[in-house]
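The values are calculated or read from the model by the stated rules, or taken from the named source; none is laboratory data. These numbers come from a predicted model, not from an experiment. Because the Cβ atoms are built from the backbone with ideal geometry, glycine has one as well, and the counts that use them run over all protein chains shown.
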Amino acid sequence: MSFLGLSFAYLRDRGLNTVLNIALLALAVATLVILLLFARQLETRFDRDAQGIDLVVGAKGSPLQLILASIYQADVPTGNIPLSSIDVLRSQRTVAKVIPLAQGDNFRGYRIVGTEPAYPEHYGATLAEGQLWSAPSEVVIGADVARGLGMALGQRFIGSHGLSGDEQAQGHDHAPFIVTGILAPSGSVVDRLILTSIESVWDVHGIEHDDEDEDHDHDGDGTPDHDADHHEEDEDHNHGDPRGGGMEPEVTALLVAYASPLAAVQLPGFINRQTNLQAAVPAVEITRLLGLVGLGLDAVRALAVLLMLTAGLSIFVALYTALRQREGDMAMLRVIGASRASIFAQMIFEGVALAAAGALLGLALGHGVIGLAAANIRQLAELGLDASRFEAGELWIIAGALAIGFAAALLPALRVFRADIAETLTNSR
């Protein structure tokens with residue numbers, strides 16, 4: 001029997017102990033993998049979806065809620081704002097781009113967002129099939145929507161009120177949508193959205209709008225088309241329904257890109273102090289959120305490292321105890337010609353094999369937990385959590401587990417290397 005076969009035979013002989021050591025190390029590795037994937041993918045998704053958006057303007061409320069609802073489509077909007085806000089911002093010389101959003105409905109959990117063609121263009125989304133909406137009730141669906149619901153061009157559907165995907169929610173039977181385009185995967189928030197014109201969202205909710213409303217400075221030339229005082233904000237917001245307390249056209253939020261660094265100094269303060277609107281800076285709010293999340297992740301990460309060290313100690317105890325029981329066998333191997341180096345390598349192999357099994361099992365377990373969480377917790381799926389993605393940091397986790405297995409086997413292996421054959425055989429009688 002080869003030395004490798006002999007090592008596996010010894011591990012099988014103490015099967016329960018072997019399984020427990022592997023399971024303990026696997027739990028530690030899985031915890032670290034879950035934390036790594038969650039933190040990295042969350043940070044990556046936040047950075048990608050917020051890229052090029054310097055400011056979000058919406059109704060008064062929590063600035064973080066406004067950011068999550070408007071950029072990441074992962075929360076309930078804070079309310080609605082006057083349609084005239086679009087032209088007010090576009091008239092500012094320090095503003096390069098304003099993209100309006102009208103939210104409030106969903107189809108089987110996927111959000112229906114009224115906007116302009118500049119929105120998918122901002123994220124570099126291109127059409128895989130069909131064309132962009134050009135008439136009321138036409139929609140373009142993201143790649144995840146098409147894949148998740150099996151939708152195709154020409155398909156008609158009825159949106160439901162609200163953003164939760166509740167099957168009991170009221171459907172807008174009077175205003176069905178038709179799919180005219182499917183977007184190619186872009187790795188951004190638009191993959192999970194159903195996009196249409198703002199006017200289509202107004203039509204669904206029975207909100208009247210004339211030609212003047214429909215033509216309000218969509219080209220962003222900075223020329224307002226209405227009297228800003230005509231659409232004063234009603235304080236009774238409906239949290240995502242694109243109409244305020246009355247039936248005048250409104251939007252949910254505005255995504256703003258600066259044309260000048262001066263805007264970062266002047267615009268947020270002006271909006272927050274001088275208007276009934278709220279200006280939230282994505283970079284500030286997301287940094288604050290990641291800081292809060294990071295504290296919790298650091299605490300769990302420290303516990304996982306402690307668990308990994310505990311697993312290493314357990315492997316050491318198991319190997320050291322097994323060595324005491326196998327000293328006679330080791331001596332006999334020496335008598336029949338085995339070298340000190342080969343027996344030393346055998347002990348090291350057992351420790352590393354245990355660590356490798358625990359690391360691989362933990363890796364698979366970690367990705368499995370991420371996949372199950374994303375499949376069953378919609379908020380995580382909306383944030384783009386993906387179990388199929390691997391991070392470079394996972395290699396360091398595996399290397400750390402293997403190093404712990406090596407260190408745990410080193411002392412027992414050194415004891416075998418230095419053992420005296422005659423003394424060992426005498427004591428083992």
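So, of the residues in the range 71-96 that are out of contact with any Leu (no Cβ under 8 Å at 6 or more places or on another chain) and not small (Gly, Ala, Ser), which turns out to be farthest from residue 58 (Cα to Cα)? By that ranking, first place goes to 93. Of all the criteria given as (1) buried (at least 20 other Cβ atoms within 10 Å of the Cβ); (2) under 20 Å from residue 187 (Cα atoms); (3) in contact with a strand residue (DSSP E or B) (Cβ under 6 Å, 6 or more places away or on another chain), the one not satisfied by residue 105 is (2). Within the set 188, 84, 134, the sole residue that is in contact (Cβ under 8 Å) with a residue 60 or more places away in the chain, farther than 29 Å from residue 42 by Cα and hydroxyl-bearing (Ser, Thr, Tyr) turns out to be 84. The single condition among (1) buried (at least 21 other Cβ atoms within 10 Å of the Cβ); (2) modelled with pLDDT under 60 that residue 169 does not meet is (1). A residue that is modelled with pLDDT of 80 or more, at negative phi and in the same structural domain as residue 146 (by TED's automatic domain parsing) occurs nowhere in the range 207-230.
Screening the candidates 164, 160 for the property of being touching a strand residue (DSSP E or B) at 6+ places or on another chain (Cβ under 9 Å), at pLDDT below 90 and within 19 Å of residue 380 (Cβ to Cβ) yields one hit, 164.
Okay, residues lined up against (1) assigned by TED's automatic domain parsing to the domain that holds residue 306; (2) over 14 Å from residue 35 (Cα atoms); (3) modelled with pLDDT of 90 or more; (4) surrounded by 15 or more Cβ atoms within 10 Å (Cβ to Cβ):
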site	(1), (2), (3), (4)
356	yes, yes, yes, yes
366	yes, no, yes, yes
370	yes, no, yes, yes
381	yes, yes, no, yes
387	yes, no, no, yes
398	yes, yes, yes, yes
402	yes, yes, yes, yes
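Reported count of residues in the range 359-380, each being without any contact (Cβ under 8 Å) to a residue 40 or more places away in the chain, farther than 24 Å from residue 18 by Cβ and assigned to a helix (DSSP H, G or I), is 7. Flag: residue 349 does not match the condition of being assigned by TED's automatic domain parsing to the domain that holds residue 34, under 18 Å from residue 305 (Cα atoms), at pLDDT below 90 and assigned to a helix (DSSP H, G or I).
Within the range 55-86, can you find the residues that are under 22 Å from the mean Cα position of the chain (by Cα), hydrophobic (A, V, I, L, M, F, W, C) and more than 15 Å from residue 268 (Cα to Cα)? Passing the criteria: 68, 69, 71, 74, 76.
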